[in-house]
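The values are calculated or read from the model by the stated rules, or taken from the named source; none is laboratory data. Please read all numbers here as calculations on a predicted model, not as lab measurements. Counting neighbours? That spans all protein chains shown, and the Cβs are built from the backbone with ideal geometry, glycine included. Only protein heavy atoms, including side chains, enter the accessible area calculation; ligands, DNA and RNA are left aside. Shrake-Rupley method; radii C 1.70, N 1.55, O 1.52, S 1.80 Å.
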Amino acid sequence: MDTLNITSADAKIPLIRYPRFKELHEEIQLCQRMTAIAGEAQCMSLEGVTGAGKSTLVVDYAAVFPRYEISTGMVIPVFYAETPSPVTVKGMASYLLRQLGDPAADKGTLSSMNSRLINLIKDCEVKLVILDDFHHLIDSETNKILSAVSNWLKVLIKKTGATFLVVGIEGRVEMILDANPQLSRLLAARQTLKPFGWNPAELSTMTEFAHLIEFVEQAKLPLASVLTRTELLHRIHYATDGVIANIMNLMNLSAIIAEERGQNIIDLNILAMAFERRLSKHIKGKVNPFTEDGRFFAPQPQ
Ligand SMILES: Nc1ncnc2c1ncn2[C@@H]1O[C@H](COP(=O)(O)OP(=O)(O)OP(=O)(O)O)[C@@H](O)[C@H]1O
Ligand SMILES: [Mg+2]
(Lines give C-alpha, C1' and ligand atoms only; values in the text may rest on other atoms or scores of the structure.)
(Ligands and ions follow the chains in the order given, each with its own letter.)
Protein backbone atom coordinates (compact mmCIF):
# COMPACT_ATOMS: atom_id res chain seq x y z
CA MET A 1 0.00 0.00 0.00
CA ASP A 2 1.92 3.05 -1.18
CA THR A 3 -0.88 5.55 -1.66
CA LEU A 4 -0.75 6.75 1.90
CA ASN A 5 2.11 7.36 4.19
CA ILE A 6 2.57 8.76 7.61
CA THR A 7 5.37 10.84 8.96
CA SER A 8 5.75 12.61 12.21
CA ALA A 9 8.37 13.28 14.82
CA ASP A 10 5.85 11.88 17.27
CA ALA A 11 3.91 8.86 16.05
CA LYS A 12 1.03 9.94 18.30
CA ILE A 13 0.45 12.92 16.00
CA PRO A 14 0.41 11.25 12.60
CA LEU A 15 0.45 13.24 9.41
CA ILE A 16 -1.30 11.22 6.77
CA ARG A 17 -0.40 11.89 3.17
CA TYR A 18 -3.51 10.52 1.48
CA PRO A 19 -3.69 10.42 -2.35
CA ARG A 20 -5.52 13.76 -2.75
CA PHE A 21 -2.98 15.36 -0.40
CA LYS A 22 -0.18 14.27 -2.72
CA GLU A 23 -2.13 15.31 -5.82
CA LEU A 24 -2.57 18.81 -4.43
CA HIS A 25 1.13 19.07 -3.62
CA GLU A 26 1.76 18.22 -7.27
CA GLU A 27 -0.71 20.93 -8.38
CA ILE A 28 1.17 23.50 -6.31
CA GLN A 29 4.46 22.34 -7.84
CA LEU A 30 2.93 22.61 -11.31
CA CYS A 31 1.93 26.24 -10.70
CA GLN A 32 5.48 27.00 -9.59
CA ARG A 33 6.92 25.34 -12.68
CA MET A 34 4.51 27.21 -14.94
CA THR A 35 5.36 30.55 -13.33
CA ALA A 36 9.03 29.86 -14.04
CA ILE A 37 8.34 29.58 -17.78
CA ALA A 38 5.31 31.85 -18.28
CA GLY A 39 6.72 35.29 -17.51
CA GLU A 40 3.66 35.94 -15.35
CA ALA A 41 2.74 34.41 -12.01
CA GLN A 42 0.52 31.32 -12.32
CA CYS A 43 -1.42 31.27 -9.08
CA MET A 44 -3.83 28.92 -7.37
CA SER A 45 -6.64 28.85 -4.86
CA LEU A 46 -7.37 25.99 -2.49
CA GLU A 47 -10.78 25.82 -0.89
CA GLY A 48 -12.42 23.42 1.50
CA VAL A 49 -14.79 23.17 4.43
CA THR A 50 -13.42 23.86 7.89
CA GLY A 51 -11.31 20.94 9.09
CA ALA A 52 -10.78 19.50 5.60
CA GLY A 53 -7.03 19.66 6.19
CA LYS A 54 -6.08 22.67 4.03
CA SER A 55 -3.66 24.35 6.44
CA THR A 56 -2.02 21.03 7.32
CA LEU A 57 -1.49 20.35 3.62
CA VAL A 58 0.08 23.69 2.75
CA VAL A 59 2.18 23.89 5.93
CA ASP A 60 3.54 20.43 5.07
CA TYR A 61 4.37 21.67 1.56
CA ALA A 62 6.17 24.72 2.97
CA ALA A 63 8.11 22.58 5.46
CA VAL A 64 9.98 20.95 2.57
CA PHE A 65 11.46 24.35 1.66
CA PRO A 66 12.68 25.91 4.93
CA ARG A 67 14.30 29.35 5.22
CA TYR A 68 18.09 29.49 5.16
CA GLU A 69 20.79 32.15 5.50
CA ILE A 70 23.27 33.14 2.88
CA SER A 71 25.93 35.85 3.10
CA THR A 72 23.57 38.49 1.66
CA GLY A 73 20.57 37.64 3.83
CA MET A 74 17.74 35.18 4.21
CA VAL A 75 16.38 32.93 1.47
CA ILE A 76 12.69 32.04 1.89
CA PRO A 77 11.69 29.76 -1.01
CA VAL A 78 8.14 29.28 0.32
CA PHE A 79 6.57 31.98 2.46
CA TYR A 80 3.53 30.88 4.50
CA ALA A 81 1.41 33.52 6.19
CA GLU A 82 -2.04 33.66 7.73
CA THR A 83 -4.29 36.50 6.57
CA PRO A 84 -4.88 38.75 9.58
CA SER A 85 -8.41 39.44 10.80
CA PRO A 86 -9.73 42.07 10.56
CA VAL A 87 -7.61 42.95 7.56
CA THR A 88 -6.75 46.29 6.00
CA VAL A 89 -4.21 47.00 3.26
CA LYS A 90 -1.77 48.58 5.72
CA GLY A 91 -2.36 45.84 8.29
CA MET A 92 -1.69 43.15 5.72
CA ALA A 93 1.42 44.88 4.38
CA SER A 94 2.94 45.34 7.82
CA TYR A 95 2.02 41.79 8.87
CA LEU A 96 3.74 40.32 5.81
CA LEU A 97 6.78 42.57 6.34
CA ARG A 98 7.07 41.36 9.94
CA GLN A 99 6.79 37.72 8.91
CA LEU A 100 9.55 38.32 6.36
CA GLY A 101 11.81 39.74 9.08
CA ASP A 102 11.54 43.50 8.44
CA PRO A 103 12.59 45.10 11.78
CA ALA A 104 10.45 48.19 11.11
CA ALA A 105 7.44 46.36 9.71
CA ASP A 106 4.81 48.89 10.74
CA LYS A 107 6.81 52.03 10.04
CA GLY A 108 6.45 54.42 7.09
CA THR A 109 3.77 55.29 4.58
CA LEU A 110 1.81 52.64 2.76
CA SER A 111 3.76 53.25 -0.42
CA SER A 112 7.11 52.79 1.35
CA MET A 113 5.78 49.63 2.99
CA ASN A 114 4.70 48.34 -0.40
CA SER A 115 8.06 48.92 -2.01
CA ARG A 116 9.86 47.33 0.96
CA LEU A 117 7.56 44.34 0.72
CA ILE A 118 8.12 43.90 -3.03
CA ASN A 119 11.88 44.24 -2.57
CA LEU A 120 11.94 41.81 0.37
CA ILE A 121 9.97 39.18 -1.56
CA LYS A 122 12.46 39.49 -4.41
CA ASP A 123 15.56 39.71 -2.20
CA CYS A 124 14.50 36.66 -0.17
CA GLU A 125 13.97 34.81 -3.47
CA VAL A 126 10.42 33.92 -2.46
CA LYS A 127 9.04 31.66 -5.17
CA LEU A 128 5.73 30.80 -3.52
CA VAL A 129 3.60 32.88 -1.17
CA ILE A 130 0.88 30.97 0.68
CA LEU A 131 -1.89 33.11 2.15
CA ASP A 132 -3.98 31.00 4.49
CA ASP A 133 -7.43 32.03 5.77
CA PHE A 134 -7.86 34.16 2.67
CA HIS A 135 -11.60 34.38 3.39
CA HIS A 136 -10.69 37.03 5.98
CA LEU A 137 -10.94 39.35 2.97
CA ILE A 138 -14.67 39.13 3.57
CA ASP A 139 -15.66 41.37 6.46
CA SER A 140 -17.23 39.02 8.99
CA GLU A 141 -19.67 41.67 10.24
CA THR A 142 -20.90 43.18 6.98
CA ASN A 143 -20.12 40.22 4.69
CA LYS A 144 -18.62 42.72 2.25
CA ILE A 145 -15.52 41.88 0.26
CA LEU A 146 -12.60 44.10 1.18
CA SER A 147 -11.87 45.05 -2.40
CA ALA A 148 -9.05 47.44 -1.48
CA VAL A 149 -7.10 44.47 -0.13
CA SER A 150 -7.83 42.23 -3.13
CA ASN A 151 -6.74 45.01 -5.52
CA TRP A 152 -3.60 45.55 -3.50
CA LEU A 153 -2.89 41.82 -3.67
CA LYS A 154 -3.31 41.80 -7.46
CA VAL A 155 -0.65 44.52 -7.74
CA LEU A 156 1.64 42.61 -5.35
CA ILE A 157 1.37 39.46 -7.46
CA LYS A 158 2.12 41.37 -10.65
CA LYS A 159 5.05 43.31 -9.20
CA THR A 160 6.77 40.39 -7.46
CA GLY A 161 6.13 37.74 -10.12
CA ALA A 162 5.93 35.13 -7.34
CA THR A 163 3.39 32.30 -7.40
CA PHE A 164 0.62 32.94 -4.88
CA LEU A 165 -1.53 30.23 -3.31
CA VAL A 166 -4.59 31.49 -1.46
CA VAL A 167 -6.29 29.10 0.93
CA GLY A 168 -9.69 29.40 2.57
CA ILE A 169 -13.25 28.30 3.16
CA GLU A 170 -15.15 26.73 0.27
CA GLY A 171 -17.25 29.25 -1.64
CA ARG A 172 -15.82 32.26 0.20
CA VAL A 173 -12.54 32.33 -1.73
CA GLU A 174 -14.43 32.00 -5.01
CA MET A 175 -16.66 34.90 -3.96
CA ILE A 176 -13.60 37.13 -3.49
CA LEU A 177 -12.15 36.12 -6.85
CA ASP A 178 -15.46 36.54 -8.69
CA ALA A 179 -15.57 40.13 -7.46
CA ASN A 180 -12.14 40.94 -8.90
CA PRO A 181 -11.72 39.70 -12.50
CA GLN A 182 -8.05 40.70 -12.74
CA LEU A 183 -7.16 38.81 -9.56
CA SER A 184 -9.34 35.94 -10.74
CA ARG A 185 -7.39 35.68 -14.02
CA LEU A 186 -4.09 35.46 -12.14
CA LEU A 187 -5.50 32.68 -9.92
CA ALA A 188 -6.53 30.44 -12.79
CA ALA A 189 -5.86 27.13 -10.99
CA ARG A 190 -8.79 26.40 -8.67
CA GLN A 191 -8.66 23.41 -6.40
CA THR A 192 -10.91 22.07 -3.67
CA LEU A 193 -10.02 19.71 -0.84
CA LYS A 194 -13.21 17.71 -0.32
CA PRO A 195 -13.97 15.57 2.72
CA PHE A 196 -13.48 11.83 2.23
CA GLY A 197 -16.43 10.26 0.46
CA TRP A 198 -18.36 7.04 1.11
CA ASN A 199 -20.38 5.97 -1.87
CA PRO A 200 -21.18 2.27 -2.44
CA ALA A 201 -21.72 3.06 -6.13
CA GLU A 202 -18.12 4.30 -6.31
CA LEU A 203 -15.94 1.65 -4.71
CA SER A 204 -12.82 3.80 -4.85
CA THR A 205 -14.32 6.18 -2.24
CA MET A 206 -14.80 3.31 0.19
CA THR A 207 -11.33 1.92 -0.46
CA GLU A 208 -9.72 5.29 0.10
CA PHE A 209 -11.62 5.80 3.35
CA ALA A 210 -10.71 2.27 4.48
CA HIS A 211 -7.01 2.98 3.80
CA LEU A 212 -7.19 6.22 5.74
CA ILE A 213 -8.72 4.55 8.80
CA GLU A 214 -6.17 1.72 8.60
CA PHE A 215 -3.37 4.26 8.77
CA VAL A 216 -4.97 6.07 11.69
CA GLU A 217 -5.26 2.73 13.48
CA GLN A 218 -1.59 2.00 12.85
CA ALA A 219 -0.66 5.32 14.40
CA LYS A 220 -3.15 5.03 17.26
CA LEU A 221 -4.87 1.81 18.29
CA PRO A 222 -6.71 -0.82 16.25
CA LEU A 223 -10.48 -0.87 16.07
CA ALA A 224 -12.22 -3.92 17.50
CA SER A 225 -13.53 -6.46 14.99
CA VAL A 226 -17.17 -5.69 15.59
CA LEU A 227 -19.95 -5.59 13.01
CA THR A 228 -18.54 -6.13 9.56
CA ARG A 229 -15.56 -3.94 8.73
CA THR A 230 -17.58 -2.17 6.01
CA GLU A 231 -20.38 -1.46 8.45
CA LEU A 232 -17.98 -0.08 11.04
CA LEU A 233 -16.26 2.13 8.45
CA HIS A 234 -19.61 3.37 7.21
CA ARG A 235 -20.55 4.40 10.74
CA ILE A 236 -17.25 6.20 11.25
CA HIS A 237 -17.85 8.04 7.99
CA TYR A 238 -21.38 8.97 9.06
CA ALA A 239 -20.10 10.16 12.44
CA THR A 240 -17.40 12.37 10.94
CA ASP A 241 -18.84 13.46 7.59
CA GLY A 242 -15.53 12.26 6.16
CA VAL A 243 -13.85 15.44 7.46
CA ILE A 244 -10.31 14.62 8.53
CA ALA A 245 -10.41 16.95 11.57
CA ASN A 246 -13.47 15.06 12.86
CA ILE A 247 -11.90 11.68 12.10
CA MET A 248 -8.74 12.57 14.01
CA ASN A 249 -10.78 14.00 16.87
CA LEU A 250 -12.83 10.82 17.16
CA MET A 251 -9.83 8.52 16.95
CA ASN A 252 -7.57 10.61 19.21
CA LEU A 253 -10.09 10.71 22.04
CA SER A 254 -10.94 7.03 21.51
CA ALA A 255 -7.26 6.15 21.88
CA ILE A 256 -7.03 8.18 25.10
CA ILE A 257 -10.13 6.54 26.59
CA ALA A 258 -8.82 3.09 25.64
CA GLU A 259 -5.47 3.90 27.27
CA GLU A 260 -7.20 5.08 30.45
CA ARG A 261 -9.15 1.84 30.56
CA GLY A 262 -6.04 -0.22 29.97
CA GLN A 263 -7.43 -1.51 26.67
CA ASN A 264 -5.31 -1.91 23.57
CA ILE A 265 -8.26 -1.86 21.24
CA ILE A 266 -10.98 0.71 20.39
CA ASP A 267 -14.42 -0.85 20.74
CA LEU A 268 -17.89 0.52 19.94
CA ASN A 269 -18.44 1.66 23.49
CA ILE A 270 -15.33 3.83 23.34
CA LEU A 271 -16.27 5.21 19.92
CA ALA A 272 -19.73 6.06 21.26
CA MET A 273 -18.21 7.99 24.21
CA ALA A 274 -15.73 9.80 21.99
CA PHE A 275 -18.50 10.74 19.53
CA GLU A 276 -20.62 12.11 22.36
CA ARG A 277 -17.81 14.12 23.89
CA ARG A 278 -16.06 15.47 20.79
CA LEU A 279 -18.37 15.43 17.77
CA SER A 280 -22.03 15.50 18.74
CA LYS A 281 -22.02 19.26 19.48
CA HIS A 282 -20.15 20.10 16.28
CA ILE A 283 -21.96 17.71 13.95
CA LYS A 284 -25.54 18.41 14.83
CA GLY A 285 -28.64 16.35 14.11
CA LYS A 286 -26.99 12.92 13.98
CA VAL A 287 -27.73 9.89 16.08
CA ASN A 288 -24.74 8.39 17.80
CA PRO A 289 -23.94 5.55 15.34
CA PHE A 290 -21.90 3.64 17.91
CA THR A 291 -24.45 3.24 20.71
CA GLU A 292 -26.32 0.04 21.59
CA ASP A 293 -23.74 -1.92 19.61
CA GLY A 294 -25.20 -0.17 16.62
CA ARG A 295 -28.24 -2.43 16.74
CA PHE A 296 -30.71 0.39 16.23
CA PHE A 297 -28.68 2.28 13.72
CA ALA A 298 -28.97 1.63 10.03
CA PRO A 299 -27.13 4.36 8.15
CA GLN A 300 -28.53 5.13 4.74
CA PRO A 301 -26.24 5.29 1.72
CA GLN A 302 -25.41 8.96 1.03
N1 LIG B 1 -3.09 15.00 6.59
C2 LIG B 1 -3.50 14.94 7.85
N3 LIG B 1 -3.09 13.94 8.65
C4 LIG B 1 -3.51 13.88 9.94
N5 LIG B 1 -4.34 14.75 10.52
C6 LIG B 1 -4.77 15.77 9.77
C7 LIG B 1 -4.38 15.93 8.40
N8 LIG B 1 -4.99 17.02 7.92
C9 LIG B 1 -5.71 17.53 8.93
N10 LIG B 1 -5.59 16.79 10.04
C11 LIG B 1 -6.24 17.03 11.35
O12 LIG B 1 -7.34 17.90 11.16
C13 LIG B 1 -7.17 19.11 11.90
C14 LIG B 1 -7.66 20.27 11.08
O15 LIG B 1 -6.85 20.41 9.93
P16 LIG B 1 -6.56 21.83 9.28
O17 LIG B 1 -6.33 22.86 10.32
O18 LIG B 1 -5.49 21.61 8.28
O19 LIG B 1 -7.94 22.12 8.55
P20 LIG B 1 -8.37 23.37 7.71
O21 LIG B 1 -8.99 22.87 6.46
O22 LIG B 1 -7.22 24.30 7.57
O23 LIG B 1 -9.50 24.01 8.63
P24 LIG B 1 -9.92 25.57 8.77
O25 LIG B 1 -10.65 25.93 7.51
O26 LIG B 1 -10.82 25.58 9.97
O27 LIG B 1 -8.67 26.36 8.96
C28 LIG B 1 -5.68 19.15 12.23
O29 LIG B 1 -5.43 19.80 13.43
C30 LIG B 1 -5.32 17.68 12.32
O31 LIG B 1 -5.65 17.20 13.60
MG1 LIG C 1 -6.87 26.30 8.17
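Applying the Kirkwood pairwise sum to the alpha-carbon positions of the chain produces a hydrodynamic radius of 21.3 angstrom. Taken over segment 203-294, the alpha-carbon convex hull comes to 86 cubic angstrom per residue. Within a straight-line Cα-Cα reach of under 17 Å, K54 can be paired with the following aspartates and glutamates, leaving aside sequence neighbours fewer than 8 residues apart in one chain: E23, E26, E27, E82, D132, D133, E170, E174, D241. Computed from label points 7 Å out along Cα-Cβ, the spacing between Q29 and M175 is 3.5 nm. Tell me, what is the percent relative contact order of segment 19-192, built from C-alpha pairs under 8 Å that lie six or more residues apart? Reported as a whole number, the value is 33 percent. Remark: relative contact order (segment 43-123) = 16 percent; criterion is Cα-Cα distance under 8 angstrom and separation of 6 or more residues.
For the chain, the carbon plus sulfur part of the accessible surface works out to 54%, probe radius 1.4 Å. Mind checking which of P66, I157, L137 is farthest towards the positive end of segment 19-192's charge dipole, using Cβ charges of +1 (Lys, Arg) and -1 (Asp, Glu) about the Cα centre? Result: I157, furthest along the dipole toward the positive end. The mean sequence separation of alpha-carbon pairs under 8 Å and at least six residues apart, normalised by the residue count of the chain, gives a relative contact order of 19 percent.
Per residue, segment 203-294 exposes an accessible area of 45 Å² to a 1.4 Å probe, with every protein chain left in place.
Helical content of the chain, expressed as a calculated mean residue ellipticity at 222 nm, amounts to -14000 deg cm²/dmol (DSSP H runs of 4 or more residues, -39,500 (n - 2.57) each, divided by residue number, nearest 500). Taking 24 Å as the straight-line reach from the Cα of K90, the lysines in range (excluding those fewer than 8 positions away in the same chain) are K107, K122, K127, K144, K154, K158, K159. Where the centroid of each part is defined by its Cα atoms, how far is segment 114-175 from segment 67-98 in Å? Between the Cα centre of segment 114-175 and that of segment 67-98, the gap is 11 Å.
Each peptide in 232-243, 70-81 receives the mean, over its residues, of other Cβ atoms within 10 Å, and ordering these scores from highest gives 232-243, 70-81. Among 255-261, 33-39, 175-181, sorting by the average number of other beta carbon atoms lying within 10 angstrom of each residue, highest first, gives 175-181, 255-261, 33-39. Charging the Cβ of each Asp and Glu at -1 and of each Lys and Arg at +1, and nothing else, the dipole of segment 203-294 about its Cα centre rounds to 300 debye.
Which shape class applies to segment 246-296: rounded if a/c is under 1.5, otherwise prolate when a/b exceeds b/c and oblate if not, where a ≥ b ≥ c are the square roots of the Cα gyration tensor eigenvalues? Oblate, because a/c is 1.5 or more while a/b does not exceed b/c.
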